[in-house]
Amino acid sequence: MSSLNKNQHRIIAVSLLGLVVLLVLLVVFVPLVNTMNSYNESIDDLSFELRRYKREIAGKDKILDQLQVIKRRQWQENHFSNRETSALASADLQQLIKKVVVDSGGRLTSTQVIPEQQEEHFIRTAIKVRMSGDSVVLRDVLYSLETATPMLMIENLMVRSVRGRRDRKTRKLMQSNELNVNFEVSGYMRAASG
């Protein structure tokens, strides 16, 4: 370095100073600019979400009106039992089950009322059913109950075939089309406060 003249020393000093300034810019300002850009992107994303939420809030009245229409339609379409008590609704349900099973050609073994359950603004009434009949009877019963008014649901369906009997004379096993069927039928009625 001693062989360099003053001009060359100055050039090297200015170059080193420029390099130091460039390094400081790279180390300090580039991350700062990247952070600012990231914040700006976050602000843009949040602004977009805010505009979307404002649009949804602006449509709230329309949605509430539609909800009221749906509620009125539900009340008018007779999806629920209109009886005053769950005991009366359960009695109606038992009579309907008996009629459907007998009309379909089946044999009703028993019905048992399941205690009512409060579910939001409704009371669930349910009956355990035991019946027997062939597969056509079962199909007809299930169809009649599923399409009944007020709306009914069938749950916990268990179907077992009845074992065939042996003929006393020939000792051959006779096939049986008979089925033992257990299921629950439930419906809803509006709670007094709902």
Note: Val27 to Ile70 extended length (0.36 nm per residue) minus current alpha-carbon separation gives 9.3 nm
For Lys99, Lys6, ascending order of other Cβ atoms within 10 Å (fewest first) is Lys6, Lys99
So Glu178 and Arg51, fully extended at 0.36 nm per residue minus their Cα-Cα distance, gain in nm 39.3 nm
Quick calc of log₁₀ I(q)/I(0), region 6-58, Debye, one scatterer on every Cα, no solvent, q values 0.20, 0.21, 0.27 1/Å, result -0.76, -0.79, -0.93
Whole-Å distance linking the alpha carbon centroid of region 1-77 with that of region 99-168 is 63 Å
Full extension between Lys98 and Gln8 adds, at 0.36 nm per residue less the Cα distance, a length in nm of 21.2 nm
Measuring from its Cα centre, region 6-58 shows a charge dipole (+1 at each Lys and Arg Cβ, -1 at each Asp and Glu Cβ) which, in debye to the nearest 20, is 320 debye
Label model pair Thr35, Ser15: point-to-point distance (7 angstrom along the Cα→beta-carbon line) in nm is 3.4 nm
For the chain, whose charge dipole is built from +1 on Lys and Arg Cβ atoms and -1 on Asp and Glu Cβ atoms, the candidate among Leu17, Pro31, Ala87 with its Cα farthest towards the positive end is Ala87
Labelled set [x] 0.95; [y] 1.61; [z] 0.97; Rg/Rh (Cα atoms, Kirkwood Rh) computed from this model equals the value at [y]
Restricting to lysines and to Cα separations under 20 Å from Lys54, and discarding same-chain partners fewer than 8 apart, the set is Lys62
Sorting Val113, Met131, Leu96 by the position of each Cα along the dipole of the chain (Lys, Arg +1; Asp, Glu -1; all at Cβ), the one nearest the positive end of that ordering is Met131
Listed with the fewest Cβ neighbours within 10 Å leading, Met131, Met36 appear as Met36, Met131
Listing Met189, Met151 by rising number of other beta-carbon atoms within 10 angstrom, fewest first, gives Met151, Met189
To the nearest 20 debye, region 51-184 has a Cα-centred charge dipole, built from +1 on Lys and Arg Cβ and -1 on Asp and Glu Cβ, of 660 debye
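Readers should treat all values here as calculations from the given coordinates under stated rules, not as data from a laboratory. Note that the coordinates shown come from a computational prediction; the quantities given were computed from them, not determined experimentally. Virtual Cβ from ideal backbone geometry, glycine too; neighbours counted across all protein chains shown.
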